[in-house]
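Chemist: Structure incoming, see below.
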Amino acid sequence: MIRIAGGEKLAGTVQISGAKNAALPAIIASLLTTKPVVLHNVPHLADVETAVTLVQALGKEVRWRGRTMEIRGGEELHPEAPAELVQRMRASFLALGPLLARAKRAKVPLPGGCALGPRPVDFHLYGLARLGARITFANGAVLAEAKFLRGTSVYLDFPSVGATEQLLLAGTLAEGETVIINPAREPEVADLAELLRKMGAEVRWDTDRVTIRGRRELEGAEHTLIPDRIETGTYLLAGAITGGKVRAENVEPQHLAALLDRLSLAGCEIEVGKAWVELIGPRRPKPVDFRTWPYPGFPTDLQPPMVAFLALAEGRSTITETVYAARFGHVEPLLQMGAKIQVSGSVQVVDGVEGLRPAAVEATDIRAGAALVLAALAANGVSHVRGEQHIRRGYENMVEKLRALGARVWEEED
Ligand code: EPU
């Protein structure tokens, strides 16, 4: 667990790591080739370790050198993903397309629901079926088979990040053109497309679609992952919620437009450079309304941390979660800390309070965990946030990074 003595204004500079949600599909993309894939700026995270274990179990060799990862081998892939890894991390399901494209048959367990509500994979399966896969189910796993994949157009009912990535991956080894209509446009998806281009695939983005021209084989590639926009947002919010001054470096400010817009409405002073953002937090935030939305909308992954910040606003904020059915794991613990939040359907009505009180709370997922850490940084006194293992899935060295900003934070055995 993490122990936090809150009430300090944070001040200083934080270096942002490579993006978790770009690293995971990039590692899985290495399954598409037998040539070496070299990734730079890879964060050391529990989820990245899970992705490494997964590709190793499927036949790849992985070597780390600092933040560089080299993935090679895999002439013969083992086409069955271990259930334990898919349960631990949903992104493991992305292995289905590459395994199918390379090995003609693949078996990957269904990931099931999670702390954010039910999270089906129907768009992934619909898309792969459109490319010619025969999909069956047995003992909680998906079995996909196809002698070859044939490109066609696939309309996504929602611009799902995972389904777009699944089809990008599979499309690179399909015959002809795969067209994804209504694709996700998250920067992490674009980063995967960039890696696939370097591996020799033709990927073209138009306003409403992405077109992939498949190849018989893909090459190796070397690629630097984009910075983690969600980690960036979390540290800017740590500055904001403590009324401090935080500068985040090695970032891509363009990826943060929706957050920066709402933070400035809330009264933060923000300065933006080529690869940095500096923020000075207000004494108390002004209330702001927002709804989560696919990129370039406000990212759902920053909804819980933003709610923690608005819990201290001078007035009422209304927040609508449109991406997940139930991303409210932060609400109960924030109530324990004195926040006033009412949930009705997908809407949270947050009546700002003057101060939060310290408490012993428990994180149930990565971003709820981040929200609780932020709330604890603002609460005068000592809080305990349990469930640090969730935070470690998505934040590299969070305790050290916060300490460098002047926070009084410790890791403790529970
Ligand atoms: N959905 C379906 N059917 C599908 C796929 C998705 O109904 O076949 C629904 C989901 O249930 C959800 C919505 O569509 O309600 C969005 O899901 P999406 O597929 O876009 O998300 P994902 O690929 O499962 C990635 C990130 C998440 C992030 C979302 C949304 C990775 C590894 N994960 O998940 O990140 O919240 O996109 O931006 O890239 C996190 O980092 O904490 C995290 C949860």
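The values are calculated or read from the model by the stated rules, or taken from the named source; none is laboratory data. As the structure is a prediction and not an experimental result, all values here were calculated from the model. Note: areas computed on protein heavy atoms with side chains; ligands, DNA, RNA excluded. Shrake-Rupley method; radii C 1.70, N 1.55, O 1.52, S 1.80 Å.
Chemist: Residue by residue through the range 2-13, which ³J(HN,Hα) values in whole Hz follow from phi under the Karplus form 6.51 cos²θ - 1.76 cosθ + 1.60 (θ = phi - 60°), with glycine and proline marked x?
Modeler: 10, 9, 10, 9, x, x, 8, 6, 7, 8, x, 10
Chemist: Apply the a/c threshold of 1.5 to the C-alpha gyration tensor of the range 16-107 and tell me whether it is rounded, prolate or oblate.
Modeler: oblate
Chemist: Which three extents, in whole angstrom, do the alpha-carbon atoms of the range 206-319 cover along their principal axes, largest first?
Modeler: The principal-axis extents, from largest down, are 59, 28, 20 Å.
Chemist: Continuing with this model, one more query. Where in the chain are the helices, taken as whole DSSP H runs, whose Cα atoms extend 20 angstrom or more along the long axis and whose Kyte-Doolittle mean reaches at least -1.0?
Modeler: For the chain, where a helix must reach 20 Å along its axis and average at least -1.0, there are no hits.
Chemist: Quick one: 3J(HN,Hα) in Hz for the range 219-228, Karplus 6.51/-1.76/1.60 with θ = phi - 60°, rounded, Gly and Pro as x.
Modeler: 8, x, 7, 10, 8, 9, 6, 5, x, 7
Chemist: Whole number please: convex hull volume per residue of the Cα set in the range 325-414, in Å³?
Modeler: Spelled out: Cα convex hull of the range 325-414, divided by residues, is 97 Å³.
Chemist: For the range 20-214, give the percent of accessible area contributed by carbon and sulfur heavy atoms, probe 1.4 Å, rounded to a whole number.
Modeler: Its accessible area is 50 percent carbon and sulfur atoms.
Chemist: Keeping all protein chains in the complex and leaving out DNA, RNA and ligands, what accessible area do you get for F328 with a 1.4 Å probe, in Å² to the nearest 10?
Modeler: Solvent-accessible area, nearest 10 Å²: 40 Å².
Chemist: If you wrap the chain's Cα atoms in a convex hull and average its projection over all directions, what's the area in nm²?
Modeler: For the chain, averaging the hull's shadow over all directions gives 18.0 nm².
Chemist: Report the semi-axes of the equivalent ellipsoid for the range 275-344 in whole Å, largest first, where each axis is √(5λ) for an eigenvalue λ of the Cα gyration tensor.
Modeler: In descending order the semi-axes read 19, 18, 11 Å.
Chemist: Classify the range 355-399 as rounded, prolate or oblate from the Cα gyration tensor: take a ≥ b ≥ c as the square roots of its eigenvalues, call it rounded if a/c is under 1.5, otherwise prolate when a/b beats b/c and oblate if not.
Modeler: It comes out prolate by the Cα gyration axes.
Chemist: Could you run the Karplus curve 6.51 cos²θ - 1.76 cosθ + 1.60 with θ = phi - 60° over the range 201-215 and give me ³J(HN,Hα) per residue in whole Hz, x for Gly and Pro?
Modeler: Calculated HN-Hα couplings, in order: 7, 9, 10, 10, 9, 10, 4, 10, 7, 10, 10, 10, 9, x, 10 Hz.
Chemist: Between W293 and residues 5 or more places away or on another chain, which pairs have amide H atoms under 5 Å apart, with H built 1.01 Å from N, and which residues are they?
Modeler: HN-HN under 5 Å from W293: F298, T300.
Chemist: Return the long-range amide H neighbours of A275 (sequence gap of 5 or more, or a different chain), with a cut-off of under 5 Å between placed amide H atoms.
Modeler: Close amide H contacts, sequence-distant or interchain: none at all.
Chemist: Follow-up question, since we're still on this one. Given q = 0.11, 0.13, 0.14, 0.16 Å⁻¹, what are the Debye log10 I(q)/I(0) values for the range 20-214, with equal point scatterers placed on the Cα positions and solvent ignored?
Modeler: Treating every Cα as an identical point scatterer, log10 I(q)/I(0) equals -0.42, -0.61, -0.71, -0.96.
Chemist: Can you tell me which lysines have their Cα less than 18 Å from the Cα of K20? Leave out same-chain residues fewer than eight positions away.
Modeler: K401
Chemist: Can I ask one more? Of S160, S346, which has the most accessible area with a 1.4 Å probe, and how do the rest follow in descending order?
Modeler: S346, S160
Chemist: By a straight-distance test (C-alpha under 22 Å), which lysines pair with K340 as possible cross-link partners, with residues fewer than eight away in the same chain excluded?
Modeler: K286
Chemist: Need the list of lysines near K147 for cross-linking: C-alpha distance under 19 angstrom, and skip anything on the same chain fewer than eight residues off.
Modeler: Reachable lysines: K104, K107.
Chemist: Please give the per residue accessible area of the chain, computed with a probe of 1.4 Å over protein heavy atoms only, in Å².
Modeler: The answer is 39 Å² per residue.
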